[in-house]
Amino acid sequence: MKKYLLLILLSALNRIAYVQKIINLADYGIIPNSYENASAKIARAIKDVSSFDSCIIKFPGGRIDLWPEGAERKVFFISNATEHDSLSKEKIIGMLFNGLSNITLEGN
């Protein structure tokens, strides 16, 4: 009986220890259906997420606008392109999760 209770207790403690951090984008000032640019606020939230082993990013329900201003920019090469192409290699990225893992997006 004691063994059984110990296993239940250890199982419960394991679940408590593995609680995912929840990042609510409304806490970053993102307002749905406002037509406001949310790019910089989402980028800031993603940078904050990088310090967690695992997390959930919750979007408020409704329309969220991402504009090029404030979005992440990174140099990427497109498949079948060469270094001598005249196209810009800098790309505008709405949400950059480079190097991150164990992230869940809840769109609501």
### Message
Just the residues that are without any contact (Cβ under 8 Å) to a residue 12 or more places away in the chain and not small (Gly, Ala, Ser), please, taken from the stretch 22-78.
### Response
27, 47, 78
### Task
For the stretch 55-83, enumerate the residues that are part of a loop (DSSP other than H, G, I, E, B) and either among the aromatic types (Phe, Trp, Tyr) or touching a helix residue (DSSP H, G or I) at 6+ places or on another chain (Cβ under 6 Å) (or both).
59, 60, 66, 67, 70, 71, 76, 77
### Query
If you take the residues of the stretch 58-90 that are of a type in the set (Lys, Arg) and at pLDDT 95 or above, which of them is surrounded by the fewest Cβ atoms within 10 Å (Cβ to Cβ)?
63
### Query
Any residue at all in the stretch 93-101 that is modelled with pLDDT under 95, in contact with a Lys or Arg (Cβ under 8 Å, 6 or more places away or on another chain) and either in a strand (DSSP E or B) or of a type in the set (Phe, Trp, Tyr) (or both)?
yes
### Query
Mind checking which residues of the stretch 24-54 are outside any helix (DSSP H, G or I), of a type in the set (A, V, I, L, M, F, W, C) and modelled with pLDDT of 95 or more?
30, 31, 38
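Residues that are more than 12 Å from residue 103 (Cβ to Cβ) and crowded, with 18+ Cβ neighbours inside 10 Å: does the stretch 44-53 have at least one?
Here is the first cut: in the stretch 44-53, the ones more than 12 Å from residue 103 (Cβ to Cβ) are 44, 47, 51.
Narrowing the set further to residues that are crowded, with 18+ Cβ neighbours inside 10 Å leaves none.
No, that holds for no residue.
Taking the stretch 26-58, which residues are of a type in the set (A, V, I, L, M, F, W, C) and more than 10 Å from the chain's Cα centre (by Cα)? It would help to see each step written out before you state the result.
Taking the stretch 26-58 and keeping what is of a type in the set (A, V, I, L, M, F, W, C), we get 26, 30-31, 38, 40, 42-43, 45-46, 49, 52, 55-57.
Across the stretch 26-58, the qualifying residues are 26, 30, 31, 38, 40, 52.
Anything in the stretch 1-23 that is basic (Lys, Arg) and modelled with pLDDT of 70 or more? List them, or say none. It would help to see each step written out before you state the result.
Quick first cut of the stretch 1-23, residues basic (Lys, Arg) only: 2-3, 15, 21.
Within the stretch 1-23, 21 is the sole residue that qualifies.
The values are calculated or read from the model by the stated rules, or taken from the named source; none is laboratory data. Since this is a predicted model, take the numbers as computed values, not measurements. When we count neighbours, we look across all protein chains shown, and the Cβ atoms used for this are built from the backbone with ideal geometry, even at glycine.
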